[in-house]
Amino acid sequence: MTTECFRKLYRPLSIGLVAASCILAGSAASSAQTKPTPNRQLASPELNARVEALLKKMTLEEKVGQLAQFAAGYATGPGASNLRYDDLVAKGQLGSMLNVVGAEATNHYQHIAMEKTRLRIPILFGQDVIHGHRTTFPIPLAIAASWDPEAAELVARYGAKEARADGIPWVFSPMVDIARDPRWGRIIESAGEDPYLGSAMARAWVKGYQQDDLSKPDSVAVSVKHFAAYGAAIAGRDYNAVEMGEATLRQVYLKPYQAAVEAGAATVMSSFNSINGVPATANPFTLTQILRKEWGFDGFVVSDWGAVSELKNHSIGDGPTVARKALEAGVDMDMEGNLFGTVIADQVRAGKIPEGVVDEAVRRILRVKFALGLFEHPYVEQGPVYDATPERRAAARKVAEETFVLLKNDPVEGVGTILPLTKKAAKVALIGPMADNQKEMLGAWAVTGDPKFAITLKTALSERLGDRLLYAPGCGLLAGEDANVLKAVSFTGGTASAASLPVPDDAKTIEEAVLTAKAADVAILALGEPTDWFEGEAGSRVHLGFTGNQEKLLEAVVGTGKPVILVVLAGRPLELKWAAGHVPAILEAWSPGVEAGHAVADVLFGDVNPSGKLPASFPRAVGQEPLYYAQLPTGRPAHGDLSHMPHNAGEKFMSRYVDEENSALFAFGWGLSYTRFSYTKPTVNRAEVPVREVLASGSKSVVTVGVDVTNTGSVAGTEVVQLYIRNTAASVEQPVRELKGFARVTLAAGETKHVEFPLGFNELSFYNAESKETVEPTTYDIWVGGSSLATSEASVTVVE
Ligand code: NOJ
């Protein structure tokens, strides 16, 4: 990435008397009226003429070969095959491979495909590039916390360049599943709970990877995953079924996939879950009706790992039957499944599957191979050995700094607010199992990231403090014998020989940590949960607290009476109730990537003013999950603080818990700064709009909401200004609040800026009882502020 490109991607948004550019970009989404052609390259007549010419020459076996994909490298799922890949490639029985990384490995297979097969069709190599490839950036959930689509675009650009240099022109990213339940470990890969924020991020990822031109030598094709509604797994248990009404499916869960497809996504990955009883990998409604007919998708659909053959476990047929169902529903490529390659051709020959169905799948795959320029440039040159250069580190640090969310920063008696640290603290105690753990800084799905490049908090703080930094690990991430499990398992399982390792004595190390805290002026606790096993795929949890003895460690250090700063390093919203009640300063730092330590230190010391905002609600108790701000209304809404319930008898028979408040501990959109921001009451440029005008507006604006935002503190800062609406009188009930605009606004101390948000059909529409996207006469309440709790209010009425 050149410095110029870096600067361009980071140009400050010019917000003055004009609308925020990211909001306008966010609005340029769907138009319900026109038949879309979201990726012009894939729809181009010249490209399709090449596809047809090649297709005509192919035998049935060669066609079916294009539908098969295998992992010839490491496994990122269960039951990996161990086939003779050289032979399969030479026979034209394998059109794509995953997890084959690097020039040597990819060129090896590509040479076979290009030199030994009859038609010389290049192999398409795919790989999970989730938050950077070699250079590990913060996890996607963290990037969403920046509320900066340009940050996602930048991370995608680095990922694309590095992946392409490693022979990989196709990435299994972005993951755009709405995640409203942090028990689900894959929330780390998502943009959190909201469809508007998720759609903005989805567009940015696609743009960064594909650059609107797949033929560029440093563009990669994306695979938008996991289609569809994978994030709504019942009870947050991975791979579980999904049940939801069509209106919610379309209005909430499908929106980010739609945004990604409209941004030109070349491929889509079908998901493991079923939706209302129909598995997503054999679901003609989502894969054909919605994806292709309604959204105009011209690329191809790859199944998730083994998802075609796992349809047998969904009890919808035997191997040949489920393969036919998946193919006919709209899955074009079978990932690590071994079914398409073995049972489709026979069924075509037997007349059970029309050959035209196979032809269509092949067409879609060949389109992407042609668009990527693989026929002209099938190989990759061996580049220099990867190094985390200063330029790459600078990019990773800058992005990480934007992602941190200051959850709490209360004054401490005699000290004032502890953050930023500045020079107040003569001696700082750094404590916790996350304080000096390189691997954990990278986070889940850092598939090709190397922990040796990661800067820990201990490294970064000792650079600043020298011998004024005291350190104690405090305890392990897991307790007792479990503590050794992480040494014995890998992403795909591993053997549990951990029992033979000595069990660590946390009681002793916690005592040492207490002594360390007592010797310092302030203690920084770096706590979280382990990445391996506890986060990402198959990382569902029913307990959302810190793992192992970390909570005990926290309580013991708080018990010393020293001021404590808690830095949370985790890939999901954890349950932080005790900490929120007892610790004065809490910084959510997620899994920050290769520059973790430097970025955290920059924020702790005030060189960077925190600006992140939560992309997902943090619960008071796990029992609240799934917890999200955009709840549908109830006939018996609870009022006010219910924590002293027995004294609040008027609240009997209301929609609430008897033992906990309904609200989030930290709400969606929440995040503090080292300065303060004030808002004027929002205004609308017109109080009434005719419904026909809104219906015809598509992505255009019909009403503008304006607000003045002032930095009332004494240091510069960036505020994420958020706009929420409520449709108060629709034919079907609508959420109590929905995000419909946001802008990152940087303000010098004392400075005021005017921010405008355009609203049109895309922002005001909803899905009615017939699942049709529409707008009806109604009044919209509108709030603008710094979180989903914003109170500053206006309204606009849509009239007949
Ligand atoms: C399974 C995961 O669900 C998916 O996200 C990933 O892309 C594939 N495995 C390939 O590793």
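The values are calculated or read from the model by the stated rules, or taken from the named source; none is laboratory data. Keep in mind that this is a model prediction, so the values were computed, not measured. When we count neighbours, we look across all protein chains shown, and the Cβ atoms used for this are built from the backbone with ideal geometry, even at glycine. Keep in mind that these areas ignore ligands, DNA and RNA; they rest on the heavy atoms of the full protein, side chains included. Shrake-Rupley method; radii C 1.70, N 1.55, O 1.52, S 1.80 Å.
Okay, here's what the table says:
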quantity	calculated
R0 of 56 Å, Cβ-Cβ distance Asp708-Arg464: FRET efficiency to nearest 0.05	0.90
Part-to-part distance (alpha-carbon centres) for segment 670-732 and segment 163-182, which is given in Å	31 Å
Carbon plus sulfur fraction of accessible area for the chain, probe 1.4 Å, in percent	53 percent
Three-way shape label, segment 696-765, alpha-carbon gyration tensor, a/c 1.5	prolate
Computed over segment 271-427: relative contact order in percent, which uses C-alpha pairs under 8 Å that are six or more apart	18 percent
Hz values of 3J(HN,Hα) by residue in segment 355-366 - Karplus curve (6.51, -1.76, 1.60), Gly and Pro given as x	4, x, 5, 5, 4, 5, 5, 5, 3, 5, 6, 4
Folded to 0 to 90 degrees: helix 149-165 orientation relative to the chain principal axis, Cα	50 degrees
Residue-by-residue Karplus 3J(HN,Hα) for segment 462-477, coefficients 6.51, -1.76, 1.60, Hz, glycine and proline x	6, 4, 7, 9, x, 7, 7, 9, 9, 9, 8, x, x, 6, x, 6
Spacing of the two label points (7 Å from each Cα toward its C-beta) at Arg692 and Thr389, in nm	5.9 nm
Members of Lys325/Lys700; Lys225/Lys439; Lys518/Lys577; Lys57/Lys216 lying beyond 30 Å, as alpha-carbon distances in this model show	Lys325/Lys700
From the C-alpha gyration tensor of segment 578-735, square roots of 5λ in Å	32, 29, 16
Overall form of segment 206-358 per C-alpha gyration tensor (a/c, 1.5; a/b vs b/c)	oblate
Reachable aspartates and glutamates, given that their alpha-carbon falls under 12 Å from the alpha-carbon of Lys116 and they are not under 8 places away in the same chain	Asp86, Asp87
Estimated inter-spin distance, Met244 and Lys577, nm [label 7 Å along Cα→Cβ]	2.6 nm
Fully extended contour minus Cα-Cα distance, from Asp607 to Leu83, at 0.36 nm per residue	183.3 nm
For segment 301-315 and segment 531-605, distance of Cα centres in Å	36 Å
At 1.567 mPa s and 4 °C, Stokes D of segment 520-651 from Kirkwood alpha-carbon radius, µm² per second	76 µm²/s
Overall Cα dimensions of the chain - principal axes, largest extent first, Å	81, 73, 54
Rounded, prolate or oblate (a/c below 1.5 giving rounded, otherwise prolate when a/b exceeds b/c) for segment 657-800 by Cα gyration tensor	oblate
Per residue solvent-accessible surface (Å²) - the chain, probe of 1.4 Å	36 Å²
